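For reference, the structure is listed below as structure tokens.
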Amino acid sequence: MAYLRYVHDRTLHGVIPVLDTETETMEGAPDPDEINGLYALPLWLAVTLPDELGDRVAIPLRSEEVIEEVRVLLEDEGVTSCWHNAGYDYPALQNLGITIRGGIVDTLEWDVLLFPETRNNRHSIDDICEDFFGIRLPKYKELYSNPNVLPPGHSKPTGKIRDYPDHVAADYACSDTWRGALVLNHHRKLMEDTDLYDASYGPLTTYWDYYWTVEEPHSRALLKMARRGTQIDRSFLEELSRRMEAEEQSCLAKVFRLLGQEINVNSTAQMAHLLFEDFGLTPTRKTGGGAWSVDGESIEDCLTELRAMAASRTITEDDPRLESLTLIVRAKDTGKSRSTFVDGILERLDPADFIQTSYGLARTGRIRSYRPNLTNLPNVSFDEWGIRRAWIPSTNGEEDMLVADYSQLELRILAAFSQDEHMLADIHAGRDLHSASTARSLGIPYEEFEARKKAGDEVAIATRVAMKTCKFADIYGATAVTMARQLSKALKRYVSEEEAAAFQLATRETSPTATQWLAELKAWAAESGFVTTLLGRKRELPGIKSKVSHIRERNERVAGNTPIQGGAADIVKMALLTCDTDSILQRLGWILRMQIHDELVLTGPKRTGPEALERVVYLMEHPFETLGLNPPIPLHVEAKLCSCWADGK
């Protein structure tokens, strides 16, 4: 405890201590502690000072007296502490009743910012130290699952730090903070000296500025949001699970009647035999082991092949192969959605029926959700089961849910970067960008197209779907094969590569300046070796000039994708951050529950809902106001008060 007081004193002189917890899994947790800090209980706290690398201390967290000393240190708002993956240690310490209130240096986030392409997106302390310092120390499993290092009283390794002598646990814990101190000292200089690409856009000039202004407070907001979770209607999901299972079994029963036999559609061998021998379809890809693949994409390819045969009248629409494979795909999709988003959610509910999801950063800066991955929920427009109806504001009937989503954010960023005259005119006129480009392609006024669409005109609706699909395929650099597959799925009919290319050409002609900008961007990236986001974050492109085609093409896709996706990430990050810290929303009693894609979900009292909605829309449409900046293009947010997440659209 004296050492903790000494560390506390050193922080008053600007020293940033490096800390790390060693944990065990909490009882009844849905995840083991090593992969999810929400369910980890700290047993040890290791501390190293970056200017005293020879002194490193591991403290067992076994008494309330020691835990209180740790609380005094970490809940001091004036203490800045360093962690590697604070997203793990922050919630783990909260399980001891300790919340880190001072500044948080996360060397994992620093490494992601500085070296997003290094080590194929691996940013563990092991990988960083081996890369920069040539240091490799035993990993957790190499020590605690090592048959040559047995815990006392055991005949085999237990994999649990609790079972090993204190000196073994302490040495291992300190190895992480010692290496963390090396990384802190090395990366700090880089963060302070590395300039953002275009400092003229705002007050942020270096990565150090960017981290403390954007990333650190945003990460803290995500951690608070993850801990809160969202209320789930358990009974709705339980009933939905039964309905989906019945539909899955009904589809399979029809398949078995058509085939004249029962098969296991989850058996790789049986599905391969059915598709490539019984049905005579063409396999499109192999597994790592050399067998023909029957994964979801491969089955979709087979279904596309059958639809192409039906379109060319090689087979009839009622061919049993087409009907049975359509039913198999529906059964498998229904079963996957049920196991992942219905039964999977039910298994993870806490005693109060709340679901917590963790958040992390993709290389574009976008937020991804995991355990469970809510970003993969079916789009609300195509979710016939209404899975999002399970997310509710509360069970007491006194709260509402507020769902606020950016309208066509990525296209607006594309318009801002490219200055495409058609897109800019549509934005300033308040038009739907997909509808406007489709109207131009069809050669009719926007108002006429909208009227046709609302009247259910199949040509208008299908053309808009196709052009929307092609626009995003262009942004993401999809190949002709991928675009044809995406169009087939979107239009629910076979689309050849030739037809996909025609759709793509028509789409490009509706916004020629944007198309030219994307091409010029890739050329510029090939010369500079990087691309940037709105706030100046760089993403290196080490393979942009590679002679290996698939490496070069991947880097070209990243070049076109990152400024748009990264720009959207900058906007949504600042929106979430301002909503989290806004004093007006706090006064009104509204708090953040989730961020999924470009969408923020909050809950609060019904009586203050209208005022909160107005405030959230303002904050999201002016995300850079705290930086003294305006967004580069007018933003539009669609927001709604509702009784469940599904009704927010």
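The values are calculated or read from the model by the stated rules, or taken from the named source; none is laboratory data. All values reported here derive from a predicted model rather than from experimental measurement. Virtual Cβ from ideal backbone geometry, glycine too; neighbours counted across all protein chains shown. Calculation scope for accessible area: heavy atoms of the full protein, side chains included, ligands and nucleic acids excluded. Shrake-Rupley method; radii C 1.70, N 1.55, O 1.52, S 1.80 Å.
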Quick check of the Kirkwood formula: for the stretch 492-617, what is the inverse mean of 1/r over all pairs of different Cα atoms, in Å? 18.0 Å
Expressed in angstrom, Rg and Dmax over the Cα atoms of the stretch 328-487 are 19.5, 58
Applied in sequence order to the stretch 445-458, the curve 6.51 cos²θ - 1.76 cosθ + 1.60 (Karplus, θ = phi - 60°) yields integer Hz couplings, x standing for Gly and Pro, of x, 4, 4, 5, 4, 4, 5, 4, 4, 5, 7, x, 4, 5
Please find the FRET efficiency linking Asp647 to Ile444, where r is the Cβ-Cβ separation and R0 is fixed at 35 Å, and quote it to the nearest 0.05. 0.60
Quarter of Cα convex hull surface for the stretch 411-543, i.e. mean projection, nm²: 9.0 nm²
Compute the length gained on full extension between Ser339 and Ile461: take 0.36 nm times their separation in residues and subtract their Cα-Cα distance, giving the result in nm to one decimal. 40.7 nm
Might you tell me the accessible area per residue for the chain, computed with a 1.4 Å probe and given in Å²? 45 Å²
Please compute the length gained on full extension between Thr326 and Arg101, using 0.36 nm multiplied by the number of residues separating them and subtracting their Cα-Cα distance. 75.6 nm
Where Cα atoms sit under 19 Å apart: lysine pairs in the stretch 494-620 separated by 8 or more or lying on different chains: 4
If you find the alpha carbon centre of the stretch 287-343 and of the stretch 246-279, how far apart are they in angstrom? 11 Å
Calculate the FRET efficiency for Ala362 and Thr395 from the Cβ-Cβ distance with a Förster distance of 41 Å, rounded to the nearest 0.05. 0.75
How many nm separate the modelled label positions at Leu259 and Arg607, each set 7 Å beyond the Cα in the direction of the Cβ? 6.1 nm
Quick one: helix 409-418 against the long Cα principal axis of the chain, what's the angle to the nearest 10°, folded into 0 to 90? 90 degrees
Taking a cut-off of 26 Å between Cα atoms, list the lysines near Lys489, but don't count ones fewer than 8 places away on the same chain. Lys254, Lys286, Lys332, Lys336, Lys453, Lys454, Lys468, Lys471, Lys649
Accessible-area ranking of Thr532, Thr562, largest first, probe 1.4 Å: Thr532, Thr562
Under 5 Å, built H, 5+ apart or other chain: amide partners of Glu24: Leu41, Leu43
Quick one: Cα centre-to-centre distance for the stretch 134-198 and the stretch 53-71, in angstrom? 17 Å
Between Asn120 and Arg62, with labels modelled 7 Å along Cα→Cβ, what's the label distance in nm to one decimal, could you check? 4.3 nm
What full-extension length gain, to one decimal in nm, is calculated for Leu627 and Ala523 as 0.36 nm per residue of separation minus the Cα-Cα distance? 34.3 nm
Cleavage-rule hits (chymotrypsin sites (Phe, Trp or Tyr not before Pro)) in the stretch 152-204: DSSP loop, at most 16 neighbouring Cβ within 10 angstrom: Tyr197
In whole Hz, with x marking every Gly and Pro, tabulate ³J(HN,Hα) for the stretch 503-509 from phi via Karplus 6.51 cos²θ - 1.76 cosθ + 1.60, θ = phi - 60°. 4, 4, 4, 4, 5, 5, 5
Treating the angle as unsigned and between 0 and 90°, give the value, to the nearest 10°, between the Cα long axis of helix 234-259 and the longest Cα principal axis of the chain. 50 degrees
Express in Å², to the nearest 10, the accessible area of Asp76 obtained by rolling a 1.4 Å probe over the protein heavy atoms while all chains stay in place. 50 Å²
So, in Å, what gap is there between the alpha-carbon centers of the stretch 81-123 and the stretch 439-473? 46 Å
Trypsin sites (Lys or Arg not before Pro) restricted to the stretch 162-205 and DSSP loop, no more than 16 other C-beta within 10 Å: none
Cα long-axis angle, helix 433-442 against the chain (0 to 90 degrees, to the nearest 10): 20 degrees
Report which label in (1) 27.7; (2) 29.2; (3) 26.7 holds the value of Kirkwood radius over Cα pairs in Å derived from the coordinates of this structure. (1)
Set the Förster radius R0 to 60 Å, insert the Cβ-Cβ distance between Tyr3 and Ile584 as r into 1/(1 + (r/R0)^6), and round the FRET efficiency to 0.05. 0.90
Once phi is turned into θ = phi - 60°, what whole-Hz ³J(HN,Hα) does the Karplus curve with 6.51, -1.76 and 1.60 give for every residue of the stretch 579-586, x standing for Gly and Pro? 5, 5, 9, 5, 5, 5, 4, 5
How many nm is it between the label spots at Asp318 and Asp193, if each spot is 7 Å from the Cα in line with the beta carbon? 7.6 nm
Non-local residues with an amide H under 5 Å from the amide H of Glu75, with H modelled 1.01 Å from N and Pro and chain starts lacking one, are Arg101
